[in-house]
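Here's the structure we're looking at; comments come further down.
The values are calculated or read from the model by the stated rules, or taken from the named source; none is laboratory data. Bear in mind the structure is a predicted one, so any value in this text is a computation, not a measurement. In this analysis, Cβ positions are derived from the backbone assuming ideal geometry, glycine residues included, and neighbour counts consider all displayed protein chains.
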Amino acid sequence: MFTIPDNLVELGMQRIEGHAVQGFVRSYGNPSPTLLLIGEAPGENEIETGIPFIGRAGTELMKSLDSIGLTREDVFITSSVRSRPYKWGTKKAEDGSIVKRMYNRAPKPAEILAHAPLLDYEIEHLKPKLIVTLGNIGLQRLLGKSAKVTELHGQKVCQPIQYLEKLEDLHYSETSESFVIVPTFHPASVFYRPSLREMVLQDWKKIGQYVKESST
């Protein structure tokens, strides 16, 4: 099992201090993964269990993997940010009272930058044949803000990716090496836009074909 060294985890936690984030979830998986999956950030369920992609979104992701003959044990699952970004909101309790609670939110660019060295380390050491980005956050972390999942989903993109050349850098550099990236929608997207389900299904059929091609 491949894991990030403790000192790099501690560095990631230090770099994100002061942001509205909660906890830390380690990414882990197969040290020689069929796919490297890059998501957004952990949510409430992931913080509670310490397991990436659990709950409803995780169930959807496992269905997609199963559709191409893979399991969680075959892949490496990670995310752009390892702490849960949250915002405060209110919710009506059963007794009618209004209570404050944390809600998930998308990570901010500074939070993604804070945890960039962790993802850089994983990509460098795992040397994945195929990277599947799940949603815009993971895609733009690698290819920049102009990359859109709505335009690139299901396509095989081969090009350099963004990384931090130095830990203190505030801007990304570009790798000299090219990587093969297949963007698709975040598994949770089908809950909010059911019309995406067919596109997600077709994307994963293509990903399954790409996996076969990369292993021959």
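Candidates are the residues of the range 84-115 that are of a type in the set (G, A, S) and over 12 Å from the mean Cα position of the chain (by Cα); the one that is surrounded by the fewest Cβ atoms within 10 Å (Cβ to Cβ) is G96. Count of the range 84-104 residues, restricted to those that are free of Cβ contacts under 8 Å to residues at least 12 places away in the same chain, assigned to a strand (DSSP E or B) and of a type in the set (A, V, I, L, M), is 2. Taking the conditions (1) touching a strand residue (DSSP E or B) at 6+ places or on another chain (Cβ under 9 Å); (2) farther than 20 Å from L11 by Cα; (3) polar (S, T, N, Q) in turn, Q162 satisfies each one other than (2).
In summary, helices (runs of 4 or more DSSP H) completely within the range 105-196 and bearing 3 or more residues that are closer than 21 Å to P33 by Cα occur at 116-126, 136-143.
Among the criteria (1) more than 24 Å from P85 (Cβ to Cβ); (2) in contact (Cβ under 8 Å) with a residue 24 or more places away in the chain; (3) surrounded by fewer than 21 Cβ atoms within 10 Å (Cβ to Cβ), the one S178 does not fulfil is (2).
A count restricted to the range 57-67 and to residues that are in contact with a Phe, Trp or Tyr (Cβ under 7 Å, 6 or more places away or on another chain) and either within 14 Å of T78 (Cβ to Cβ) or of a type in the set (K, R) (or both) stands at 1.
Restrict the check to the range 157-171 and report whether at least one residue is modelled with pLDDT of 95 or more and polar (S, T, N, Q). There is at least one residue in the range 157-171 that is modelled with pLDDT of 95 or more and polar (S, T, N, Q).
Only a single criterion out of (1) in contact with a helix residue (DSSP H, G or I) (Cβ under 9 Å, 6 or more places away or on another chain); (2) modelled with pLDDT under 95; (3) among the charged types (D, E, K, R) is not satisfied by R82, namely (2). Scanning the range 121-161 for residues that are surrounded by 20 or more Cβ atoms within 10 Å (Cβ to Cβ) and of a type in the set (D, E, K, R) yields E122, R141.
Sort out which residues of the range 64-117 are among the basic types (K, R) and under 30 Å from P5 (Cα atoms), and write them in order of number.
Step one: of the range 64-117, the residues among the basic types (K, R) are 72, 82, 84, 87, 91-92, 100-101, 105, 108.
Correct list: R72, R82, R84, K87, R105, K108.
Checking each residue in the range 181-209 for being surrounded by fewer than 19 Cβ atoms within 10 Å (Cβ to Cβ) and in contact (Cβ under 8 Å) with a residue 40 or more places away in the chain picks out F191, M199, L201, Q202, K205, K206, G208.
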